[in-house]
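Enquirer: The structure is given below, and queries will be raised subsequently.
The values are calculated or read from the model by the stated rules, or taken from the named source; none is laboratory data. Predicted, not measured: the structure shown is a model, and the values here were computed from it. Cβ placement follows ideal geometry from the backbone for every residue including glycine, while neighbour counts extend to all protein chains displayed. Protein only, heavy atoms only, side chains kept; ligands, DNA and RNA dropped before computing areas. Shrake-Rupley method; radii C 1.70, N 1.55, O 1.52, S 1.80 Å.
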Amino acid sequence: MIKLYFKSNIDSLDWKDISTEQIVERVTRNVKPGSIVLFHNNANHVEEYLPLILEKLQSEGYKIVPVGKLIMKKNYHMDSTGKQVED
């Protein structure tokens, strides 16, 4: 049985108009296997920090996928805690 629970556990804070360096450091310091990082496509510096973050995480062995690839679409139910559980 596979249980999945999706909730962003890292807010990049890119909406706060902080520097590229601060965003890269915040995300890469806090990411762990299974992390979901919240980014905003209209944030300042997105063209600068996103490639840096993706490159660093991939060099550390992380696989970057969109949330839509993680969500079960068939043969699942939601348990009482909101987790997707494979049937």
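Enquirer: When only residues in segment 37-57 that are over 12 Å from the mean Cα position of the chain (by Cα) and open to solvent by less than 30 Å² (accessible area, probe 1.4 Å) count, which is nearest to Leu13 (Cα to Cα)?
Expert: That would be Ala43.
Enquirer: Out of everything in segment 39-74 that is in contact (Cβ under 8 Å) with a residue 12 or more places away in the chain and hydroxyl-bearing (Ser, Thr, Tyr), what residue ends up being farthest from Val27 (Cα to Cα)?
Expert: Tyr62
Enquirer: Among the residues of segment 11-36 satisfying the criterion of being at pLDDT 90 or above and either touching a Pro at 6+ places or on another chain (Cβ under 9 Å) or under 30 Å from Val85 (Cα atoms) (or both), which is surrounded by the fewest Cβ atoms within 10 Å (Cβ to Cβ)?
Expert: Arg29
Enquirer: Among the residues of segment 67-87, write down those that are part of a loop (DSSP other than H, G, I, E, B), open to solvent by 80 Å² or more (accessible area, probe 1.4 Å) and not polar (S, T, N, Q).
Expert: Hits for segment 67-87 are Lys73, Lys74, Asp87.
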